[in-house]
Amino acid sequence: MEGRIVTNEQAEQLQGVFFDSDTFFNFVQDINDSYFLFLSSSDEVDIAPTEYAYLLEIPLSPYVPKTTN
Amino acid sequence: MSYYPLISIMPKTVAAYDADAQAFITAAVITDVTQQGAINTLVLALKGYSIWTKFKAIYPIVGGTASQHKFNLKDPRDLDVAFRLTYATGFTHSATGMLPNGTSAFGNTFLAGNLLTVSNQAMSYYSRTNTSAAVNMYEVGYIPATIYRNGLGVRSTFRSVANRSVSDIALIAGTGAAILANNLDSTGFYIANRNSNVDNKIHKNGVIVGINTSSIGTPTTSSLNYYISASNSNGTANNFSNRECAFASIGDGLTDTDASNLYTAVQAYQTTLSRQV
């Protein structure tokens, strides 16, 4: 699985922020505690016209989840 | 002789939908006639079976977009108090439902656990995806504490609950009353149901597949909201599902007959929409 790595500051600022009336950002940390943003094709379409479109320019990176159960 | 005068005075035929169905159709801007009819038939069936009033929230997940999927059929206002969904990033919305990515996506229902009685509730989820899970996955629920879980997971490990090592289990859990039923296919319509502290059942496609008569104890009610496609673990989303949701509901406990009737109504609804599994 791949996602977009954001800085800790970006994750803290945007966590829970709505980019439209229905959907909000939810960042998750990988095994190295880096914050990842996962966007579906639906999300990308909805974010494109917003002030957060810059997030779409972040390249995709491989994601390794933390081990939980 | 002209027939135009006669035609002009004939009453016009207007499709009259149930008022609750029409309110949803209007709110969700459902313009497709087949989808409108499916919603109307679903509402009439639930009312005909006398189970409509048992639900707090019904999510028909119809229309194909996030802004349409979010509405609660029981109260289709675009408000938190109406239990309409908001989404975390990671859902793909389409005509067949909403597909969570299993990593970050969940729906917040704004329906708090303490609006229902733990020993009298039912959660349902129509899964269109068959996946196994090496980790815990919840399709509906909340977890106020490790030993007290309140959720439906259609196929998962739940090692922390029951020390299981296989990944083929459906579950509703309380304090000591997990239901563990082998489940090799996570597609289908699931209902996790409680009618009392000692009446815990899992229904899959209208059939009871798990029963637990152990007491769930007397867990305190929780102010945590039910999440869809994940669990609400003390305010943090966890146990993310990757199964496409085509219907979900939360409400009071159902009798066995109620649960069977709910499956009949929901499966007919999905069939009309050509997305049944």
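The alpha carbon gyration tensor of chain A gives principal lengths a ≥ b ≥ c with a/c of 1.5 or higher and a/b greater than b/c, which makes the shape prolate. Take A:VAL28: with every protein chain present and a 1.4 Å probe, its accessible area is about 20 Å².
Only beta bridges with both residues in the protein assembly as shown are counted; by DSSP, about 95 percent of them are antiparallel. Only helical runs count toward this figure. For chain B, summing -39,500 (n - 2.57) over DSSP H runs of n ≥ 4 and dividing by all residues gives -6000 deg cm²/dmol at 222 nm.
Distance from the C-alpha centroid of the stretch A:2-17 to that of the stretch B:33-49: 42 Å, rounded to the whole angstrom. Solvent-accessible area of B:ILE143, all protein chains in place: 10 Å² (probe radius 1.4 Å, heavy atoms, ligands and nucleic acids excluded). Give me the lysines in straight-line cross-link reach of B:LYS74: C-alpha distance below 29 Å, same-chain residues under 8 apart excluded. Partners within reach: B:LYS47, B:LYS54, B:LYS56, B:LYS201, B:LYS204.
If you take all other residues with their beta carbon under 10 Å from the beta carbon of B:ARG84, and give Lys and Arg +1 and Asp and Glu -1, the sum is -2.
Within the shell defined by Cβ-Cβ distances under 12 Å, the residues around B:ARG243 carry a net charge of -1, with Lys and Arg each +1 and Asp and Glu each -1.
In loop segments of the stretch B:65-137 as defined by DSSP, the trypsin sites (Lys or Arg not before Pro) with at most 14 further C-beta atoms inside 10 Å of their C-beta are B:ARG77. Over all other residues within a Cβ to Cβ distance under 15 Å of B:ALA95, the charged ones net out to 0, with Lys and Arg as +1 and Asp and Glu as -1.
Mind grabbing the interface size between A and B? I mean buried accessible area, both sides, 1.4 Å probe, in Å² to the nearest hundred. Roughly 1600 Å².
With only Cα atoms counted, the stretch B:65-113 has Rg and Dmax values of 10.9, 30 Å. Backbone amide hydrogens, once placed in the peptide plane, bring B:THR86 within less than 5 Å of B:ASN108, excluding anything fewer than 5 places away on its chain.
For the protein assembly as shown, the solvent-accessible area works out to 41 Å² per residue, with a probe of 1.4 Å and every protein chain left in place. The magnitude of the dipole of the protein assembly as shown, with charges of +1 and -1 set on the Cβ of Lys/Arg and Asp/Glu and taken from the Cα centre, is near 1080 debye.
The values are calculated or read from the model by the stated rules, or taken from the named source; none is laboratory data. In this text the structure is predicted, and so the values were computed from the model without any measurement. Ideal geometry is used to build each Cβ from the backbone, glycine not excepted, and the neighbour counts take in all protein chains shown. Just the protein is used for accessible areas: all its heavy atoms, side chains included, with ligands, DNA and RNA removed. Shrake-Rupley method; radii C 1.70, N 1.55, O 1.52, S 1.80 Å.
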